[in-house]
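The next block holds one structure in the form of structure tokens; read it before the comments.
The values are calculated or read from the model by the stated rules, or taken from the named source; none is laboratory data. Please read all numbers here as calculations on a predicted model, not as lab measurements. All Cβ positions, glycine included, derive from the backbone under ideal geometry; neighbour counts span all protein chains shown.
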Amino acid sequence: MKLENIYKIEGKITILTGLHIGAGNDTMEIGGMDQPIIKHPLTDAPYIPGSSIKGKMRSLLETRYFIDRSVTRNDYLSKGKPCNCGETDCLACTIFGNMAKNSATGPTRIVVRDANLTSEFQNMFNSGKLPMEVKHENTIDRVKGTAMYPRPLERVPAGVQFDFNISLKQYEGDADNLKGYVLKGLKMIELDALGGNSSRGCGQVRFDNLKVDGESVELQDINL
Ligand SMILES: [Zn+2]
């Protein structure tokens, strides 16, 4: 397979509503937050794992674009799993990878790197001026109308920015809309959310200063 091009897609992720990407309970400290966010193990700074961006993009794209396609693909969707058809005309399997036995798609085309704080926000964090938000979530007592079971949820506060960076390989014979498909995925994340608790308002983001190989791209111009 001949590698024809490697696109560089980069920009900033601006957090519009508090972002909660959970760290899992194995990192829980005694007396600490019971729903902590993921943080860099050395610096303790929040970041957005590339896998969170990649996974969200793929699941949104698959639910949007696999409707009415082959039974096999619908079968994967009906079970809630990612597509694993391994067919060369499947953009999801080609771009994001698959484990199909007779896969014909070749190497995974996309690399989504972890998104770290921009230097501005990293400096704020380093000087102790970027506290994480603690949001208390409750269940409303149906009879009394009062809050019960308050649970603290840690979030990256709105306004914070991360640098993000994707590399996308184009091999000879690949469909020419690989890049367009990835941009649709980013637009769908803007319309949906990143991280957990999105139905309760968390994780709205915007991609700013988006560039493909140095050329500006506006997601509002991308049609879904
Ligand atoms: Zn597939």
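Things to note:
- Residues being among the polar types (S, T, N, Q) and closer than 26 Å to Q204 by Cβ - total across the range 1-16: 1
- Total residues in the range 156-192, condition free of Cβ contacts under 8 Å to residues at least 60 places away in the same chain and within 16 Å of the chain's Cα centre (by Cα): 3
- First in the range 1-17 and within 26 Å of I48 (Cβ to Cβ), second anywhere and part of a loop (DSSP other than H, G, I, E, B) and of a type in the set (G, A, S), Cβ under 6 Å, 6 or more apart: I15/A158; L16/A158; T17/A158; T17/G201
- With respect to (1) in contact with a Pro (Cβ under 9 Å, 6 or more places away or on another chain); (2) assigned to a strand (DSSP E or B), the lone exception for P150 is condition (1).
- Among (1) at pLDDT below 95; (2) touching an Asp or Glu at 6+ places or on another chain (Cβ under 7 Å), the one test that T118 misses: (1)
- Residue list for the range 118-153, restricted to those being more than 30 Å from F164 (Cβ to Cβ) and hydrophobic (A, V, I, L, M, F, W, C): I140, V143, A147, M148
- Exclusive hit being within 16 Å of the ligand (Cβ to nearest atom) and either out of contact with any Ser or Thr (no Cβ under 9 Å at 6 or more places or on another chain) or free of Cβ contacts under 8 Å to residues at least 12 places away in the same chain (or both), set K144, K101, K129: K101
- M148 meets all of the listed conditions (1) at pLDDT below 90; (2) closer than 16 Å to S52 by Cβ; (3) not hydroxyl-bearing (S, T, Y) but one, namely (2).
- Hey, V134 in contact with a Pro (Cβ under 6 Å, 6 or more places away or on another chain), loosely packed, with under 15 Cβ neighbours inside 10 Å and closer than 18 Å to I38 by Cα or not: yes
- Residue match in the range 167-189 (condition: assigned to a strand (DSSP E or B) and either of a type in the set (D, E) or within 19 Å of T17 (Cα to Cα) (or both)): no
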